[in-house]
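Okay, so here's the structure we're looking at.
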Amino acid sequence: ERLEQRGARPVSLPCIHCDALDTPELRSALAAAAPSADWLAFTSRRGVEAFAALYTAPLADSKVAVVGAATAAAARARLGRVDLVGSGTAAELAATFVASGALAQHPHVLLAVAANAVDVLERTLTAAGARCTRFDVYRTTPAPPTATKRAMSSLGADNVLFASPTAVTGFVQQVAMDVAVNVYTIGPSTTAAAHAHGLRVTAEAREPSLEGFLEAMQWRK
């Protein structure tokens, strides 16, 4: 909708499958760990939603830390609170955590993340003295390879926006690049994935958000 407001014609191409993880063992482990956690940390909206589906008890005194604005909105809607908001990446959330001094008195952090999420947040917080307990609450996988790839020209798009490394993989497994297009990425890890798959990146968003994309595309007003 935001792109349409700026005169674009968006073309949606699903490139990721997202599956919530739900087992009796996971629910039991969360039920045991969450009440004693000083912080619940989330690096995505999907992490918030998966956690809320698995753990339905009140949060008690646990505070909530989130990676950015979209995750904050999900946390307010599903968990009823947000106490710390990062600048959009796991590394920046970790830096915000450390700079706030919050870990000095409240060191136990429960992380609810994707099974294939990198451990930068956990490693940084642990190095700063936190006691981290990680729970993988969902899994993202790229769209599988197709027998016959779609030609990029058939999609009628001039620009391609990638919001995750997984989306890059799912895209190249479905689409043959028969024409040149502008490629925009949401951050460094997505840029690295695009380069690894032989895609030329036109620009990388300075902040991991739609606003960052718009600025990279010089559409921000």
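The values are calculated or read from the model by the stated rules, or taken from the named source; none is laboratory data. The structure displayed is predicted, hence computed values, not measured ones. FYI the Cβ positions are ideal-geometry reconstructions off the backbone, even for glycines, and counts take in every protein chain you see. Ligands, DNA and RNA are stripped out before the accessible areas are found, and what is left, the full protein with its side chains, is counted by its heavy atoms. Shrake-Rupley method; radii C 1.70, N 1.55, O 1.52, S 1.80 Å.
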Response to the item:
A careful count of residues in the range 53-69 that are surrounded by fewer than 19 Cβ atoms within 10 Å (Cβ to Cβ) and in contact with a Leu (Cβ under 9 Å, 6 or more places away or on another chain) gives 2
Item to complete: Run down Arg206, Arg200 and say which single residue is in a loop (DSSP other than H, G, I, E, B), open to solvent by 50 Å² or more (accessible area, probe 1.4 Å) and within 24 Å of Thr71 (Cα to Cα).
Response: Arg206
Item to complete: Name the residue, out of Val64, Val82, Val48, that is assigned to a loop (DSSP other than H, G, I, E, B) and modelled with pLDDT of 95 or more.
Response: Val82
Worksheet item: Restricted to the range 13-48, and to residues that are hydrophobic (A, V, I, L, M, F, W, C) and in contact with a Pro (Cβ under 7 Å, 6 or more places away or on another chain), which residue is surrounded by the most Cβ atoms within 10 Å (Cβ to Cβ)?
Response: Cys15
Practice prompt. Please determine, by comparing only the residues of the range 209-221 that are over 24 Å from Leu93 (Cβ atoms) and at pLDDT 85 or above, which one is least open to solvent (accessible area, probe 1.4 Å).
Written response: Met217
Practice prompt. Of all residues in the range 181-197, count the ones that are in a loop (DSSP other than H, G, I, E, B) and farther than 17 Å from Thr89 by Cα.
Written response: 2
Worksheet entry | Candidates Thr141, Thr133, filtered to the one that is in a strand (DSSP E or B) and within 21 Å of Glu25 (Cβ to Cβ) | Thr133
Discussion item. Tell me whether the range 92-110 contains one or more residues that are of a type in the set (Gly, Ala, Ser), in a helix (DSSP H, G or I) and surrounded by 15 or more Cβ atoms within 10 Å (Cβ to Cβ).
Written reply: yes
Item to complete: Would you tally the residues in the range 1-12 being in contact with a Leu (Cβ under 9 Å, 6 or more places away or on another chain) and either open to solvent by 80 Å² or more (accessible area, probe 1.4 Å) or part of a loop (DSSP other than H, G, I, E, B) (or both)?
Response: 5
Practice prompt. Spot the failing condition for His106; the list is (1) in contact (Cβ under 8 Å) with a residue 24 or more places away in the chain; (2) touching a Leu at 6+ places or on another chain (Cβ under 6 Å), and only one is missed.
Written response: (2)
Discussion item. Considering only residues that are hydroxyl-bearing (Ser, Thr, Tyr) and either open to solvent by 60 Å² or more (accessible area, probe 1.4 Å) or touching a residue at least 60 places away in the same chain (Cβ under 8 Å) (or both), which ones fall in the range 170-197?
Written reply: Ser189
Worksheet item: Hey, any hits in the range 141-149 for a residue that's more than 19 Å from Thr43 (Cβ to Cβ) and aliphatic (A, V, I, L, M)?
Response: yes
Fill in: Condition check for Arg123: over 23 Å from Ala8 (Cβ atoms), open to solvent by 70 Å² or more (accessible area, probe 1.4 Å) and in a strand (DSSP E or B)
no
Discussion item. If I ask for residues that are on the phi < 0 side of the Ramachandran plot, small (Gly, Ala, Ser) and more than 16 Å from the chain's Cα centre (by Cα), which ones from the range 38-65 would you list?
Written reply: Ala52, Ala53, Ala57, Ser62
